[in-house]
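The structure under discussion appears below in the form of structure tokens.
The values are calculated or read from the model by the stated rules, or taken from the named source; none is laboratory data. What you see is a predicted model; the values in this text were computed from it and never measured. No Cβ is skipped: glycine too gets one built from the backbone with ideal geometry, and neighbour counts run over all protein chains shown.
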Amino acid sequence: MGYKSIISFVQNYGYGAKPVYNSSYVANSFTLWDTWINFDDVDAVQTKVSYAKCKGLLGYNAFQIANDNNCALSQAAADMSDTKRQRKKKRKLWVIAPVILAAVILMWTIFCYVQREIFEPQGHLRKVRSWITRAKISHVGGLNSSSPPNLQIFRFSSIKAATKNFASENMIGHGGYGPVYKGKLRKGEEIAVKRLSKTSSQGLEEFENEVTLTSSLQHVNLLRVIGICTEREEKMLIYEFMPNKSLDFYLYADQAKKDLLDWRKRVSIIEGLVQGLLYLHEYSNFTIIHRDIKTSNILLDEDMNPKISDFGMAKSFKKDGLEAYTARIVGTYGYLPPEYVKNGTYSLKYDVYSFGVVLLQIISGKRTSCFYGCNELNLLEYAYELWKQGEEAKFFDASLDDSCSQCKLFRCMQVGLLCVQEDAGDRPSMVEVFALLKNENGVAISTIPKKPAFSVTSRDERSQDDDNGINNEKIFSVNLTTITQLVPR
């Protein structure tokens, strides 16, 4: 029945037509015989819409009448349909919005984690790689500079936890670079952490130098660098931990500690030191001069095996390089060869000289900073004079017994004196040192040592410097060459 028919029917037979409504509907209705007819005119539909909106009803029914030419009624029905769709959209939005928000938060968390754990450490690694590339181009030339360093990149939080927030009780040393701490990683591995001091005079240059060289060196007698930390503007080097400290801890201590290093162990230390220097000079991919061989830089592992440490002042050469020059002289009293102090010249014979000093200290247990004998001679002079007079036994550590060893104290003393001769050309190479100490043929050394170099100041000069307030870090000029960071031993 169409709309017009209903209108006509109600007009003609609409007795009893009246509005009917309750809390859920409003309608005009009338009865025709036994049939109840619900009739909505335009006013009724509009009333329904307003009523439903006012009461906040869940919904209402609207009937779309086909072929209806009553625009007002059709528009009212269309408005009701649109309102229903809008409410459905709002309900969907309230469900979807929290899901989208949770997804955004999750994605942001993942992004921050990736940025922190992957990209930031990779940024540090790229920085280290650039240092290595620059150093290899400037010092070595033809080497493959694209190979990545064999180093771990540590987070600051990991090192802070390992050292218990750099606790003072975990500090095991302090040098020109800064403090050194003992630490323990979460997996139980013990480490040593060298942290650049804010006031360090060595600073970034030494840090880069050590990273550059140690990343490409692998030898049982070289201290292994595990990784670095450059987060929060820090400059930290992380090493394998050496539980038995350094060689000087035993050589200059009381007799009880000296006795821990019997002659067999000292021979093992000498052999390890020779092997480490041979690797640096002859068998690595490029020639390296350590430039800071001394007893405090020879660390000892749990089996008292020696490890050469501290490559901050090391220099690398091409294989055909012989020597170089520097205007900035750095080093430690008693271990510097004369050509380096006077002219800034350094070569492989620099390390040979330093090794000779250490060798004389190992067999005597004496310091380079003290004076000996009636004439108050320095260590090298004292050793030379006793050797020349045939009184070598006075120089040796009285606790040592070489009777059961092929390596004899006298031979070590002679090799040590050959290594500390004033003219660098007179000193043997480390290959020759190895052969002389090994002595497989049992042949006596025919070369007679010449008078050793005197690169340390006299006692009077040193006393005068102390009076002027110059103690551990000494700065002075020799032939217009500045000497800095000289530490007495």
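The single condition from (1) at pLDDT 90 or above; (2) aliphatic (A, V, I, L, M); (3) surrounded by 15 or more Cβ atoms within 10 Å (Cβ to Cβ) that Leu151 fails is (1).
Restricted to segment 244-351, the set of strands (runs of 3 or more DSSP E) holding at least 2 residues that are at pLDDT 90 or above comprises 287-289, 298-300, 306-308, 345-347. Quick test for you: out of Ile269, Ile191, pick the one residue that is more than 26 Å from Gln152 (Cα to Cα) and in contact with a strand residue (DSSP E or B) (Cβ under 6 Å, 6 or more places away or on another chain). Every option except Ile269 fails the conditions.
Considering segment 314-329, and only residues there that are touching a Lys or Arg at 6+ places or on another chain (Cβ under 9 Å) and surrounded by fewer than 21 Cβ atoms within 10 Å (Cβ to Cβ), the residue that is nearest to Asp423 (Cα to Cα) turns out to be Glu323. The residues on offer are Gly373, Gly365, Gly312, Gly331, and the sole one that is on the phi > 0 side of the Ramachandran plot and out of contact with any Leu (no Cβ under 7 Å at 6 or more places or on another chain) is Gly373. Before we move on, is Glu381 assigned by TED's automatic domain parsing to the domain that holds Val352 and touching a Leu at 6+ places or on another chain (Cβ under 7 Å)? It is false that Glu381 is assigned by TED's automatic domain parsing to the domain that holds Val352 and touching a Leu at 6+ places or on another chain (Cβ under 7 Å). Cys412: among the hydrophobic types (A, V, I, L, M, F, W, C) and in contact with a Leu (Cβ under 7 Å, 6 or more places away or on another chain), yes or no? Yes: the conditions hold for Cys412.
In this structure, is Met236 touching an Asp or Glu at 6+ places or on another chain (Cβ under 7 Å) and buried (at least 19 other Cβ atoms within 10 Å of the Cβ)? Answer is no for this residue. Of all residues in segment 258-280, those that are in the same structural domain as Lys408 (by TED's automatic domain parsing) and touching a residue at least 40 places away in the same chain (Cβ under 8 Å) have Cβ atoms under 7 Å from Cβ atoms of residues that are surrounded by fewer than 16 Cβ atoms within 10 Å (Cβ to Cβ) and part of a helix (DSSP H, G or I), 6 or more apart or on another chain, in Leu278/Val431. When Leu377 is tested against (1) of a type in the set (A, V, I, L, M); (2) closer than 26 Å to Lys315 by Cβ; (3) over 40 Å from the mean Cα position of the chain (by Cα), exactly one condition is not met: (2).
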